[in-house]
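Working notes for the structure below.
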């Protein structure tokens, strides 16, 4: 989708032009953690088309999104923490080549190079006509959604990370940059402010315990409450592994989509998945697309290997009272 930046301070609206005989079904793609730093940069260098060379269909969706877990900057002061990531500003071209429309930057690495790194990220994403949510120059910007107008529906995107300030979390305030905090009171207020103005509410959370294949009981309770507040879809990331996908009150909760293109470590080959969401009328349905990542280049997994990924996610979804597999979901 070709998107023109309107402003980062007001409600964002994108108008879809219908092709003749176009279906009214809305298709969204979501992927997990993406870091274009360190090992990714060393391998890819200035080849902006490398990462999505085998995933050209990503741009076919009405909206494609993932978690961008590094500032796009060469500036800023490194904050004191164990791991710091940043990627070249020119890597916004990778997002453009892939057909990425929006990223969440509400995560534990967006502030790795302080407020200047965050400011530069905002500037560079804006130059590339890539929308962002979950962090900003102040609390108003961090908490404000991006709203797309697609095929007659308004779809709102929110994102949150962190519950208080610490070495990995810098919450935005009225006069300082940072992320929107993942607190129920804040999320309830934000959804309530826009629920009557939009048709679909999508919330991203950067949360959970790294490498855990099951979400904690506190996360499940938290997610259920956010659905009760009016969210239609919750998309999670941070654990670096896939977690189960629950259905609750006929809404969808993807607790973690795992790593997508994660250059922050040296692991070169792994399997993951892309979440496809289809919205048709008042019905929201989910499909998982198995993905293999090889040298930070994802491609679609077919055959038995792809079935293994789906079977794994089905297994770790089994503890939920209802999941997207309850009626044998398949593509």
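The conditions are (1) closer than 22 Å to residue 252 by Cβ; (2) out of contact with any strand residue (DSSP E or B) (no Cβ under 7 Å at 6 or more places or on another chain), and residue 174 fails exactly one of them. Which is it?
The single condition residue 174 does not satisfy is (1).
Restricting to segment 68-78, and then to whatever is touching a helix residue (DSSP H, G or I) at 6+ places or on another chain (Cβ under 6 Å) and assigned to a loop (DSSP other than H, G, I, E, B), can you tell me which residue is surrounded by the most Cβ atoms within 10 Å (Cβ to Cβ)?
Residue satisfying both the conditions and the ranking: 71.
Within segment 315-322, does at least one residue satisfy the condition of being over 21 Å from residue 205 (Cβ atoms), part of a helix (DSSP H, G or I) and at pLDDT 95 or above?
Looking for residues that are over 21 Å from residue 205 (Cβ atoms), part of a helix (DSSP H, G or I) and at pLDDT 95 or above, one finds at least one in segment 315-322, hence yes.
Just the residues that are free of Cβ contacts under 8 Å to residues at least 60 places away in the same chain and either in contact with a strand residue (DSSP E or B) (Cβ under 9 Å, 6 or more places away or on another chain) or within 21 Å of residue 108 (Cβ to Cβ) (or both), please, taken from segment 183-201.
Within segment 183-201, 183, 184, 186, 187, 190, 191, 194, 195, 197, 198, 199, 201 qualify.
Only one of (1) surrounded by fewer than 19 Cβ atoms within 10 Å (Cβ to Cβ); (2) farther than 20 Å from residue 274 by Cα; (3) touching a helix residue (DSSP H, G or I) at 6+ places or on another chain (Cβ under 6 Å) fails for residue 190. Which number is that?
For residue 190, the failing item is (1).
Restricting to segment 83-100, count the residues that are out of contact with any helix residue (DSSP H, G or I) (no Cβ under 9 Å at 6 or more places or on another chain) and either under 24 Å from residue 29 (Cα atoms) or in contact (Cβ under 8 Å) with a residue 60 or more places away in the chain (or both).
Number satisfying all stated conditions: 4.
In segment 79-96, what residues are closer than 30 Å to residue 151 by Cα and either surrounded by fewer than 18 Cβ atoms within 10 Å (Cβ to Cβ) or modelled with pLDDT under 95 (or both)?
Once the filter is applied, which keeps residues that are closer than 30 Å to residue 151 by Cα and either surrounded by fewer than 18 Cβ atoms within 10 Å (Cβ to Cβ) or modelled with pLDDT under 95 (or both), segment 79-96 yields 93, 96.
Output yes when any residue across segment 111-129 is surrounded by fewer than 24 Cβ atoms within 10 Å (Cβ to Cβ) and touching a strand residue (DSSP E or B) at 6+ places or on another chain (Cβ under 6 Å), and no when none is.
yes
Across segment 288-313, what is the number of residues that are in a helix (DSSP H, G or I) and over 19 Å from residue 234 (Cβ atoms)?
10
For segment 27-48, does any single residue satisfy the condition of being surrounded by fewer than 21 Cβ atoms within 10 Å (Cβ to Cβ), at pLDDT below 95 and at negative phi?
Checked segment 27-48: no residue is surrounded by fewer than 21 Cβ atoms within 10 Å (Cβ to Cβ), at pLDDT below 95 and at negative phi.
Considering only segment 285-302, I want to know if a residue exists there that is touching a helix residue (DSSP H, G or I) at 6+ places or on another chain (Cβ under 9 Å) and surrounded by fewer than 13 Cβ atoms within 10 Å (Cβ to Cβ).
Yes; the residues of segment 285-302 include at least one that is touching a helix residue (DSSP H, G or I) at 6+ places or on another chain (Cβ under 9 Å) and surrounded by fewer than 13 Cβ atoms within 10 Å (Cβ to Cβ).
Six or more apart or on different chains, Cβ atoms under 8 Å: show the pairs whose first residue is in segment 169-180 and under 20 Å from residue 104 (Cβ atoms) and whose second is surrounded by fewer than 12 Cβ atoms within 10 Å (Cβ to Cβ).
Pairs found: 171/164.
The values are calculated or read from the model by the stated rules, or taken from the named source; none is laboratory data. Keep in mind it's a predicted model, so treat the numbers as computed, not measured. When we count neighbours, we look across all protein chains shown, and the Cβ atoms used for this are built from the backbone with ideal geometry, even at glycine.
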